[in-house]
Amino acid sequence: MSTKIFAAGAAAAVALAAALHMGGDAHAAPAGQKSVAVIAIVEHPALDAVRDGVKEELKAKGFDAAKNLKWQYQSAQGNTGTAAQIARKFVGDRPDAIVAIATPAAQAVVSATKDIPVVYAAVTDPVAAQLVPSMEPSGSNVTGISDALELDRQVALIRKIVPNAKRVGIVYNPGEANSVVVVKQMQDLLPKSGMSLVEAAAPRTVDVAAAARSLIGKADVIYTSTDNNVVAAYESLVKVGNDAKIPLIAADNDSVKRGAIAAQGVDYYQLGRQVGDVVARILKGEKPGAIASATVNKVQLFVNPGAAQAQGVTLSEDIIKSAAQVIK
């Protein structure tokens, strides 16, 4: 998932101050207590669900923030510079493990330490992001859970929702490794289904609306990956879709609640539970380098008939009946 860049000045100073001073003290944990530090690149429903899933799974495994676990959490508020500052602060705190949610956060932490266990979460392609050399046990201090989706299933969903689509638009951050990987794969996959990709770059969250508007008249449908710039500003993209009657198909199920027609996506809370299980194993003595990276094990179809109507599409009864959740 990507980044939301704050303007320089006061906002950045506030974010930096929060990163340096609000995560808790740097003193060693009391005997018997474990310490976990969590960083997310930005706050939005999917990444928040990952964080909450990690905490809940740790509690289920006997590591409770109210009893025997020191828990620190910081959001970089979309600023990669702030992410690097938080990463350095956490490394200085010497926790038993650092959980890094989304690619830029994970890259910042992996760059900052080679010995503290790092568990990445919601990273689409950890190999392309240079977090691990492969999905096999890394032999390093890094492991984690990827939110990679089978893109051929995403293409099939686009075809099912908008059967006559020829041009698929995508808004993405070209500086985000995960998003670039998805774009390249879609460029290869779509022609096999008689479609082509139309790209619109949004290097910052504030660019998402303009990028979406640039697709009007050029795209028959817009597909959104788990790019954090897009997800953080999804309402602005929904407005364009509704106004221009361009159907929106998402990779993130929470985006369906916010106005996409459908998504066959990851349950990010369950992804967080998977990550929490890995962290618990590390807290109990396993080495992160001996734990293979994995992909999320639960994918669900969400649909939003109201959004479909607003964007000029009628969902078939078969699609609605096959959905794990129908948003009213």
All-but-one check, Leu157 against (1) of a type outside the set (Lys, Arg); (2) touching a Pro at 6+ places or on another chain (Cβ under 9 Å); (3) within 19 Å of Gly241 (Cα to Cα), failing number (2)
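So that you can scan it fast, the table gives a plain yes or no per residue for (1) part of a strand (DSSP E or B); (2) surrounded by 17 or more Cβ atoms within 10 Å (Cβ to Cβ):
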site	(1), (2)
Ala105	no, yes
Ser111	no, no
Ile116	no, yes
Asp125	no, yes
Ser138	no, yes
Gly144	yes, yes
Leu149	no, yes
Ile158	no, yes
Ala165	no, yes
Val38 being open to solvent by less than 30 Å² (accessible area, probe 1.4 Å) and modelled with pLDDT under 95: no
Note on Arg51: of the conditions (1) at pLDDT 90 or above; (2) farther than 29 Å from Val266 by Cβ, unmet is (2)
Exactly one of Lys184, Lys218 is surrounded by fewer than 19 Cβ atoms within 10 Å (Cβ to Cβ) and touching a strand residue (DSSP E or B) at 6+ places or on another chain (Cβ under 7 Å), and that one is Lys218
What are the pairs, 6+ residues apart or on separate chains, where a residue within segment 153-178 that is under 21 Å from Val266 (Cβ atoms) has its Cβ under 7 Å from a residue that is among the acidic types (Asp, Glu) and assigned to a loop (DSSP other than H, G, I, E, B)? Tyr172/Asp227; Asn173/Asp227; Glu176/Asp227; Ala177/Asp125; Asn178/Asp125
Those residues of segment 221-241 which are in contact with an Asp or Glu (Cβ under 6 Å, 6 or more places away or on another chain) and either part of a helix (DSSP H, G or I) or surrounded by fewer than 23 Cβ atoms within 10 Å (Cβ to Cβ) (or both) amount to Val231
With a cut-off of at least 2 residues that are open to solvent by less than 50 Å² (accessible area, probe 1.4 Å) and touching a residue at least 60 places away in the same chain (Cβ under 8 Å), name the strands (runs of 3 or more DSSP E) lying wholly within segment 242-319. 248-252, 262-266
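The values are calculated or read from the model by the stated rules, or taken from the named source; none is laboratory data. Everything numeric here is computed off the predicted structure, so don't read it as measured data. Glycine gets a Cβ as well: all are built from the backbone with ideal geometry, and neighbour counts include every protein chain shown. Each accessible area value is taken on the protein alone, full model and side chains, heavy atoms only, with ligands, DNA and RNA left out. Shrake-Rupley method; radii C 1.70, N 1.55, O 1.52, S 1.80 Å.
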